Amino acid sequence: MNKLHFIIYLVILLLGCATKNKEIQSSSTVQNSEVPDSFFPVTSYIRGQIIILDSLPITPLKVTVIKGRTDSTWGTKHTLKQFLAPFLNTEIKETNLVKYFKETRFNDQTLNAITFTYEPRMKLPDSISLRRWDVYVDPQKGVVTKIYMVKQLKENDQRITQQLTWQTNKLAKISTILNKPDGNVELLKEEQFIWNFE
């Protein structure tokens, strides 16, 4: 975690003088077809958050919405880990995906966040289901506030999109969406674990 805090601090220091709604270029952003040195280690960060959650005397609430019907039940920390597993099996480390994804940074003062966006730089191989992700950092506090990830899968000849929203110290939500052949989409299921109700 010390290395993670140092990386966040360094990033905030580098981006501190960015202006509203202006894309920021730095040494870790793709410039002149150069590969960036490193990305924010999303997987390690979420795993660290899970370790912190494990140490707290709380029980997460699981809320499931299917076709407008909402069900809720008290979950366990173990079921939360299983819930997140599909998004943690493609590890996002500092350098392992720089060949496939590019990083851009954006300082949006209306959201009070510096957004790190990671998008494909080429057609991705079938072995990579991850399609993009965003990391939101509070520029005043120098902490990650939210992570958003998108995966695309094929299930029974159907194209499925899964979106994870991780809100630091608060909740994790996965939306499962069916991509229809006619271009329309259908929200199949939305599941979230909430452990902070403030």
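Only one of the numbered conditions (1) surrounded by fewer than 18 Cβ atoms within 10 Å (Cβ to Cβ); (2) touching a residue at least 40 places away in the same chain (Cβ under 8 Å); (3) within 28 Å of K180 (Cβ to Cβ); (4) touching a Ser or Thr at 6+ places or on another chain (Cβ under 6 Å) is not met by K151, and that is (1). Checking each residue in segment 101-133 for being in a loop (DSSP other than H, G, I, E, B) and under 16 Å from the mean Cα position of the chain (by Cα) picks out I128, S129. Is at least one residue of segment 122-144 in contact (Cβ under 8 Å) with a residue 40 or more places away in the chain and hydroxyl-bearing (S, T, Y)? Among the residues of segment 122-144, not one is in contact (Cβ under 8 Å) with a residue 40 or more places away in the chain and hydroxyl-bearing (S, T, Y), which makes the answer no.
Every condition in (1) within 17 Å of T43 (Cβ to Cβ); (2) surrounded by fewer than 17 Cβ atoms within 10 Å (Cβ to Cβ); (3) of a type in the set (D, E) is met by D126 except one, and the failing one is (1).
In the condition set (1) at pLDDT below 90; (2) touching a helix residue (DSSP H, G or I) at 6+ places or on another chain (Cβ under 7 Å), W133 is compliant with all but (1).
Of all residues in segment 159-188, those being among the aliphatic types (A, V, I, L, M) and assigned to a loop (DSSP other than H, G, I, E, B) number 0. Take the residues in segment 151-175 that are hydrophobic (A, V, I, L, M, F, W, C) and over 20 Å from N196 (Cβ atoms); name whichever of them is modelled with the highest pLDDT. It comes out as I160. Of everything in segment 41-100 that is in a loop (DSSP other than H, G, I, E, B), without any contact (Cβ under 8 Å) to a residue 40 or more places away in the chain and of a type outside the set (V, I, T), the residue that is surrounded by the most Cβ atoms within 10 Å (Cβ to Cβ) is Y100. Applying the criterion of being polar (S, T, N, Q) and in contact (Cβ under 8 Å) with a residue 40 or more places away in the chain to the residues of segment 154-195, the residue that is surrounded by the fewest Cβ atoms within 10 Å (Cβ to Cβ) is N169.
The values are calculated or read from the model by the stated rules, or taken from the named source; none is laboratory data. The structure displayed is predicted, hence computed values, not measured ones. Every residue, glycine among them, receives a Cβ derived from its backbone with ideal geometry; neighbour counts consider all protein chains shown.
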